[in-house]
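Notes follow the structure.
Coordinate-derived values only; no laboratory data. Values in this document were obtained by computation on a predicted structure and should not be read as measured data. Using ideal geometry, Cβ is built from the backbone for each residue, glycine included, and neighbour counts are taken over all protein chains shown.
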Amino acid sequence: MYNSLTRIQNTFGFFTTVAFVVAALIAASDLLTPRTPSASLIAPTNVQVVKGRPHYYSSKKEEYAIIKFSLDADLSSLFTWNTKQLFVYVTAQWPGSGNATNEAVIWDSIITNPSADHLQNIGPVAMKKLKRSAEGKTIDPNRGLLKLRNQKPKYQITHPSGKIAEKDDVTLKLHYNVQPWVGLLTWNQDQDIGPWKQLVGGVSDTFSLPGLKKKDTPKKKKSN
């Protein structure tokens, strides 16, 4: 006869095996769900380069760029019943020395599935609106629709050299990261993988960063 401890161990082992198999099936189900993300518009609307302290903790003044942009994207197909939240961000890229590429994040956002709204750090009024919009829906198709106009950046662009004005061949690029309840994190795809399609669009036309914006100097009064 098995003693009580052995029976508990066997029961726990059986439970963990079943849980692992169920989790594996849930993660594999994502591979059968089509993903067709697309972006019809991403473009800078206002670009400035100024000199100052880009962060409150900066110890010295340096050049930094402020890029406002517009974005239209449809990422709703990335939301399934196994999607916990979607991390979306926009980067600015420009050529560096040699074959290097400079890249900096200028904006990001977390879009949660209705079942994960409680994870957001928002006020009670906003939470009630989210819950009301999600009633009776397993997946809210509006969660993945982005329509931004003249969006202010969350982060300024700097460079270790302290110089960033008059850079050429700059592009904005949309990125995403799907965070499931169960399974692996998935990022932007460079190619199609079965029903998972790579992001269509999501890259702006090239543009240049302007010269350093100078402060207006007061005009001297003419003496009589």
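At a glance:
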| quantity | calculated |
| --- | --- |
| 5 angstrom amide H check on residue 165, placed H, neighbours 5+ away | none |
| Pairs beyond 25 Å (Cα-Cα), from 173/197; 84/128; 167/213; 61/213; 68/128; 60/147 | 68/128; 60/147 |
| Gain in span if fully extended, residue 36 to residue 19, counting 0.36 nm per residue against the direct Cα distance | 3.1 nm |
| Residue 102 long-range amide H proximity, modeled H, under 5 Å | 94, 96 |
| Rounded Å value of the spacing that divides the Cα centres of region 1-43 and region 44-58 | 46 Å |
| Spacing of the two label points (7 Å from each Cα toward its C-beta) at residue 212 and residue 4, in nm | 7.8 nm |
| Table column - 3J(HN,Hα) (Hz), region 42-52, Karplus curve with 6.51, -1.76, 1.60, x for Gly and Pro | 8, 7, x, 10, 7, 10, 9, 10, 10, 10, x |
| Amide H contacts under 5 Å for residue 188, placed H, 5+ residues apart | 176 |
| Peptides ranked, highest mean first, by Cβ atoms within 10 Å: ranges 152-158, 50-56, 76-82, 31-37 | 76-82, 152-158, 31-37, 50-56 |
